[in-house]
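I have a structure here, written as C-alpha cells, and I will follow up with some questions on it.
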Amino acid sequence: MTREIKFRYELLNQNNSYLGTIDSISGSVAFNSLADNIKRTARFEIKENIFKDVDYLNDRIRPIIILDDIEYEMGVFLIPSPTRIKRDGGIYREIEGYDVTQIILEDKITDRHFIKKGTNYVNAITQIINSANIHQFLMPNSSATLTRDREFEIGTSKLRIANELLREINYTSLWTDRHGFVRSGKYTLPNQKEIDFSYQTGDKNELVINDTLTEEVDLFNVPNVFVIVATNAEDESLVSKYTNSNPASPTSTLRRKRNIVDYREVSDIANNSVLDDYAKRIAYQASDVYSKISFETLINPKHEYSNGIYLKDDKLGIDNKFIETSWEIEMQVGGRMTHHARRVIMI
C-alpha cells in the first residue's frame with residue numbers, strides 16, 4: 001500500500017485568522033471522548049528562535065495532515081505556558097495545546113446566572129457558550145424546555161453549566177471537531193451507531209500494526225439493574241428503571257442469576273422520556289467497560305468523536321463492533337495512530 005503523508009502547522013490569531021506557517025515543529029494530536037472537560041489536546045515541540053514572535057496568550061496552532069494530497073485539519077489549539085528546554089545546543093519549547101473548550105472552562109460566571117422555567121434548552125446552552133465569545137457552535141435543535149427556574153452560583157464555569165444542561169436533554173458533553181467548531185449532539189446508544197471504520201489484521205487498506213492489539217476483560221462488578229431518580233425540586237420526583245435481562249449478555253440478570261444494582265440521582269431532567277433514555281445510556285456505559293481493547297494502525301486523520309469501529313482479529317477471536325473512546329496520532333512520517341475502544345454489547 002502506497003501512502004504519501006505530509007504535515008503542516010499553521011499559526012492563527014485569536015479569531016482563527018491565518019498568520020503563517022510554522023517550520024521545524026513536531027507534535028501529536030489526541031482525542032478522549034470520556035474526558036470530563038477538554039477532549040481534544042495536542043503536544044508540540046519547536047525551536048525557540050523560530051517561534052520567538054508568537055503571542056502565547058492569544059495565538060493558536062492548527063495542525064494539518066496531508067494524506068495522498070488531501071488536507072485534514074486536526075483541530076485548533078490554544079498554546080499557553082510552554083516549557084523551555086536546552087538540548088543539543090539549542091532552546092526548545094514544549095507546548096501543551098488545548099481545544100477552545102478551554103476558554104469555556106476558564107470563563108466563570110461573575111453574577112448568579114438565572115434561567116427562567118420554560119426556556120428552550122438549546123437557546124439557554126447557546127447563550128452561555130456565546131457569552132464566552134465562542135460563536136462557532138453546532139448542535140441539533142430540541143423542543144425540550146426547562147421544567148423549573150434555574151440559578152447557578154457565582155464562580156461556576158460556563159462549561160459546567162453547558163454540560164449540565166446538555167445532560168438534562170441526553171445530549172453529549174461539548175467537544176470540538178477538526179475544524180475547531182464546538183459541538184454537541186443527541187446521545188446515540190452504541191448498538192445504534194453506524195460503523196465508521198473497519199480494521200482487520202492483515203487488511204492492506206487499514207493495517208493494524210502487528211502485535212499491538214490487546215484486550216482487557218473484566219466482568220465481575222458490572223451492574224445489571226439501573227435505577228435513576230430525577231429530583232426536580234418543583235415537581236414530583238421522576239424514576240426510571242432499566243434491567244439488563246438479555247440472555248446474550250454475559251452480565252445480564254439471567255446470566256448472573258443475581259441483581260447488581262446501580263442507583264443514582266440527578267437534580268434535573270427535561271422529562272420522563274429523556275430520563276428513560278438517560279437510564280439506557282448509563283446502562284450501556286456501565287456494561288461496555290467489561291471488554292476494552294487497544295491497538296495501533298497507520299495514521300487515519302478522519303477519526304473524530306466516539307466513532308463506531310468494526311474490528312476483526314482471528315488469533316484473538318475478535319469479530320465485533322466497538323465504540324472508540326480515545327485516539328492519538330504521532331504527527332511525523334512513519335508515525336502511528338493509537339486507538340482505545342469498548343466493545344458494543346446487547347443489553
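Taking a threshold of 24 Å on the Cα-Cα distance, which of the pairs Lys116/Lys158; Lys257/Lys280; Lys117/Lys193; Lys280/Lys321 fall above it?
As for pairs spanning more than 24 Å Cα to Cα, those are Lys117/Lys193.
Round to the nearest 0.05 the FRET efficiency obtained for Leu254 and Asn58 when R0 = 51 Å and r is the Cβ-Cβ distance.
0.30
Okay, moving on. Determine the relative contact order of segment 2-86: mean sequence separation of Cα pairs under 8 Å and six or more apart, normalised by residue count, in whole percent.
Relative contact order of segment 2-86: 33 percent.
Could I ask something else about it? Taking springs between alpha-carbon atoms closer than 10 angstrom, which of Ser306, Ser294, Ser17 fluctuates most in the Gaussian network model of the chain?
Ser17
Moving on. Along Cα→Cβ, 7 Å out, is where each label goes; now give me the distance between the ones at Ser237 and Ser267 in nm to one decimal.
Rounded to a tenth, the inter-label distance reads 1.6 nm.
Give a quick list of GluC sites (Glu not before Pro) in segment 219-325 that DSSP marks as loop, anything other than H, G, I, E or B, with at most 15 other Cβ atoms within 10 Å.
Glu234, Glu236
Rounded if a/c is under 1.5, else prolate if a/b beats b/c, else oblate: with a ≥ b ≥ c from the C-alpha gyration tensor eigenvalues square-rooted, which is segment 131-187?
It is oblate, given that a/c is not under 1.5 and a/b is not larger than b/c.
What is the magnitude of the charge dipole of segment 147-286 about its Cα centre, with +1 placed on the Cβ of each Lys and Arg, -1 on the Cβ of each Asp and Glu, and no other charges, expressed in debye to the nearest 20?
That gives segment 147-286 a dipole magnitude of about 320 debye.
Carbon and sulfur together cover what percent of the accessible area of segment 1-84 at a 1.4 Å probe radius?
Looking at segment 1-84 in its full context, I get 41 percent from C and S.
Please compute, for the alpha-carbon atoms of segment 187-341, the extent along each of the three principal axes and give them in descending order in Å.
Here the Cα extents, ordered largest to smallest, are 59, 35, 21 Å.
If you take Cα Rg over 2.2 N^0.38 Å from the coordinates, which of [x] 0.96; [y] 1.10; [z] 1.24 do you get?
[y]
What distance in nm separates the simple spin-label points at Val229 and Lys193, each placed 7 Å from Cα in the Cβ direction?
Modelled inter-label distance: 3.2 nm.
Mind ranking 144-152, 159-167, 58-66 by how tightly packed they are, going by the mean number of other C-beta atoms within 10 angstrom, highest first?
159-167, 58-66, 144-152
Using only the Cα atoms of segment 62-141, build the gyration tensor, take square roots of its eigenvalues as a ≥ b ≥ c, and label the shape rounded, prolate or oblate: rounded if a/c is under 1.5, else prolate if a/b is larger than b/c, else oblate.
Note, shape of segment 62-141 comes out oblate.
Now for a separate question. With +1 on each Lys and Arg Cβ and -1 on each Asp and Glu Cβ, and nothing else charged, work out how big the dipole of segment 234-346 is about its Cα centre, in Debye to the nearest 20.
760 debye
Is the C-alpha gyration tensor of segment 126-261 telling us rounded, prolate or oblate? Criteria: a/c under 1.5 is rounded; beyond that, a/b larger than b/c is prolate, otherwise oblate.
Since a/c reaches 1.5 but b/c is at least a/b, the shape of segment 126-261 is classed as oblate.
Placing +1 on the Cβ of each Lys and Arg and -1 on the Cβ of each Asp and Glu in the chain, which of Gly97, Ile85, Leu19 has its Cα farthest towards the positive end of the resulting dipole?
Highest projection toward the positive end goes to Gly97.
Here's another thing I want to ask about it. Residue farthest toward the positive end of the dipole of the chain, with Cβ of Lys/Arg at +1 and Asp/Glu at -1: which of Ile260, Ile128, Thr41?
The one lying farthest along the dipole's positive direction is Ile260.
Here's something else I'd like to know. Would you mind working out the magnitude of the charge dipole of the chain relative to its Cα centre, with +1 at each Lys and Arg C-beta and -1 at each Asp and Glu C-beta, to the nearest 20 Debye?
Around 600 debye, computed over the chain.
Please report the relative contact order for the chain, taking Cα pairs under 8 Å with a sequence separation of at least 6, and give it as a percent rounded to a whole number.
RCO, the chain: 16 percent.
Let me ask something else. Please name whichever of Asn300, Ser287, Ile318 sits farthest to the positive end of the charge dipole of the chain, dipole taken about the Cα centre and charges placed at Cβ: Lys and Arg +1, Asp and Glu -1.
After comparing all options, I get Ser287.
Which of Tyr263, Tyr242, Tyr187 ends up with the largest GNM mean-square fluctuation for the chain, with Cα atoms connected below 10 Å?
Greatest mean-square fluctuation among the candidates belongs to Tyr263.
The values are calculated or read from the model by the stated rules, or taken from the named source; none is laboratory data. Computed from a prediction, not measured in an experiment: that's the story for all the values here. Glycine also receives a Cβ, built like all others from the backbone with ideal geometry; neighbour counts cover every protein chain displayed. For the accessible areas, the whole protein counts, side chains as well, though only heavy atoms, and no ligand, DNA or RNA atoms are used. Shrake-Rupley method; radii C 1.70, N 1.55, O 1.52, S 1.80 Å.
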